[in-house]
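Notes follow the structure.
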């Protein structure tokens, strides 16, 4: 099973392949910002990908539009739209 390392704490959570990144952080007990309850609308659950970007599901056009709307960095992903397919390391501005 893939692992998600949550920075800066270094907390590591093992998740089933295909788990949403949003759910992985919640499973680890960390808060994830969201005003749409992970319905891929608000974009507040954005996470910076530090390692393993290639081991996440491909970005969709909808996610690309949300990231562009909010002027996000290319290493950012909307966590409720990203499936974990391998080991990765992520952070948010509020952890």
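Please treat every number below as a calculation from the coordinates, not as lab data. In this text the structure is predicted, and so the values were computed from the model without any measurement. Cβ: placed from backbone, ideal geometry, glycine included. Neighbour counts: every protein chain shown.
Note on segment 1-13: residues that are in contact (Cβ under 8 Å) with a residue 40 or more places away in the chain, assigned to a loop (DSSP other than H, G, I, E, B) and surrounded by fewer than 18 Cβ atoms within 10 Å (Cβ to Cβ) amount to 3. Mind checking whether some residue in segment 14-26 is within 11 Å of the chain's Cα centre (by Cα) and in a strand (DSSP E or B)? Yes, segment 14-26 contains a residue that is within 11 Å of the chain's Cα centre (by Cα) and in a strand (DSSP E or B). Of note, residue 32 does not satisfy the criterion of being within 15 Å of residue 4 (Cβ to Cβ) and outside any loop (DSSP other than H, G, I, E, B).
Which condition breaks for residue 49 when tested against (1) part of a strand (DSSP E or B); (2) touching a helix residue (DSSP H, G or I) at 6+ places or on another chain (Cβ under 7 Å)? With (1) part of a strand (DSSP E or B); (2) touching a helix residue (DSSP H, G or I) at 6+ places or on another chain (Cβ under 7 Å) applied to residue 49, the lone miss is (2).
Looking at residue 32, is it surrounded by 12 or more Cβ atoms within 10 Å (Cβ to Cβ), within 13 Å of residue 90 (Cβ to Cβ) and either touching a residue at least 60 places away in the same chain (Cβ under 8 Å) or touching a helix residue (DSSP H, G or I) at 6+ places or on another chain (Cβ under 9 Å) (or both)? Yes; evaluated as a whole, the condition is true for this residue. Could you tell me whether segment 58-73 includes any residue that is in a loop (DSSP other than H, G, I, E, B) and under 11 Å from the mean Cα position of the chain (by Cα)? No. Name the residues in segment 74-88 that are outside any strand (DSSP E or B), touching a residue at least 24 places away in the same chain (Cβ under 8 Å) and farther than 14 Å from residue 16 by Cβ, would you? Hits for segment 74-88 are 75, 79, 80, 81, 82.
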